[in-house]
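I have placed the structure first, in the form of structure tokens, so that the comments after it can refer back to it.
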Amino acid sequence: MRLRLAGFVLLGVGSAMAMASSQSQREHGAQVYAANGCQHCHSIANVGGHKGPDLSSVGRTAKKDAIHKQIVYGSKIMPAFGEILSPAEVDDLVRYLRSCKAKPVPQVKATTQAPPAATAERNAQAGGSE
């Protein structure tokens, strides 16, 4: 019985350490994001640039391997960071970006019609007030 209890305690401590380690890696990833100017092109939570995609919900939409590949190899528009960042920095940046899971904000469609009150007012002015 004592052996089982000790095993559960060790398992709990190991899980807590892994969560703390994961959080510190995400925090380091956020520092890597800021230190390497990612916010000049990308935004997270409406902070940053708009040349590249908004990364606020990238953790919902992109797989870990795809994020890793994009950071290391870049694309036609985004520069590659594989020779700039260490493998640990890339991994931490990926962990950070995977934690960005904001729900996408629905886009509001622009209308060309005036609101009903404005239309009624305009009709009244055009029709009989002269």
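Every number in this text was worked out from the coordinates using simple rules, so none of it is lab data. In this text the structure is predicted, and so the values were computed from the model without any measurement. So basically every Cβ, Gly included, is an ideal-geometry build from the backbone, and we count neighbours across all protein chains shown.
Taken one residue at a time, the phi angles of segment 96-104 give Karplus couplings (6.51, -1.76, 1.60, θ = phi - 60°) of 4, 5, 5, 7, 7, 10, 4, 6, x Hz. Gly and Pro are set to x.
Annotation: amide H-H contacts under 5 Å for Cys41 (H modelled 1.01 Å from N, sequence separation of 5 or more, or interchain): Gly49. A cut-off of 5 Å between modelled amide H atoms, ignoring neighbours fewer than 5 places along the same chain, links Phe81 with Val72, Tyr73, Gly74.
For trypsin sites (Lys or Arg not before Pro), the sites in segment 37-76 that DSSP calls loop and that have at most 16 other Cβ atoms within 10 Å are Lys51, Lys63, Lys76.
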